[in-house]
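Reviewing the structure listed below.
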Amino acid sequence: MDKQNSLKALQFFATGLAEGAYVHKLQGQIFNALGFSKLGEKYINHFSEEMGWVEKFVERILDLGGDIKFEGMKERELIKNPIDYIKADLAIQEAGVEMLYKCMETLTADPTTYDIMKAYLADEEEDLYWSQGALDMIECIGVQNWLAKQL
């Protein structure tokens, strides 16, 4: 097993996901303030779910004898328009899922980390499909009808 490779991958995703989770929480609060309570609740709940994955990554780093790092957060633009946000988030999700697929190939010698990341990948694909489905629904029923469903 290439422990350093596993530690590097786990730390990378823990850092990136913690940042993304916090953005989801802030976006959820923005959507709530705009009156889109269903959409706001979805993203606030998504924060908790994603932080659960961060905890799993951190636990695995510790199991492997690694050191946890706090690598800070980069500045990110927050978006008030829900459709614009879903489009921007979808682009991030697509890149992230692709990155996860590539990472999975490097973790086969560490079955425990591989299984954690495989479960995380499945969760990320589900999120990606939700965003794609939301955009398809918006195209089908129109922006105003979709927004009305988010109240």
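Here are a few things to note about the model shown:
- Extreme residue, surrounded by the fewest Cβ atoms within 10 Å (Cβ to Cβ), among residues of segment 69-106 that are hydroxyl-bearing (Ser, Thr, Tyr) and touching a residue at least 24 places away in the same chain (Cβ under 8 Å): Thr106
- Given (1) exposed (fewer than 15 other Cβ atoms within 10 Å of the Cβ); (2) among the basic types (Lys, Arg); (3) at pLDDT 95 or above, number of the condition Lys42 does not satisfy: (1)
- Residue within segment 81-101 that is among the small types (Gly, Ala, Ser), more than 20 Å from the chain's Cα centre (by Cα) and at pLDDT 95 or above present: no
- Residues that are buried (at least 19 other Cβ atoms within 10 Å of the Cβ), closer than 21 Å to Ala95 by Cβ and of a type in the set (A, V, I, L, M, F, W, C) within segment 19-31 comprise Ala21, Val23, listed in sequence order.
- Qualifying position, being among the small types (Gly, Ala, Ser) and in contact with a helix residue (DSSP H, G or I) (Cβ under 6 Å, 6 or more places away or on another chain), among Gly40, Gly52, Gly65, Gly72: Gly40
- So Lys56, is it in contact (Cβ under 8 Å) with a residue 60 or more places away in the chain, open to solvent by 80 Å² or more (accessible area, probe 1.4 Å) and either under 25 Å from Gln144 (Cα atoms) or charged (D, E, K, R) (or both): yes
- Any hit, segment 123-140, residues being open to solvent by 70 Å² or more (accessible area, probe 1.4 Å) and aliphatic (A, V, I, L, M): yes
- Lone qualifier among Leu34, Leu10 - being among the aliphatic types (A, V, I, L, M), over 15 Å from the mean Cα position of the chain (by Cα) and surrounded by 14 or more Cβ atoms within 10 Å (Cβ to Cβ): Leu34
The values are calculated or read from the model by the stated rules, or taken from the named source; none is laboratory data. Bear in mind that the values here come from a model prediction, so they are computed numbers and not experimental data. Reconstructed Cβ throughout: ideal geometry from the backbone, glycine too, with neighbour counts over all protein chains shown. The area values use the complete protein model at the heavy-atom level, side chains included, leaving out ligands, DNA and RNA. Shrake-Rupley method; radii C 1.70, N 1.55, O 1.52, S 1.80 Å.
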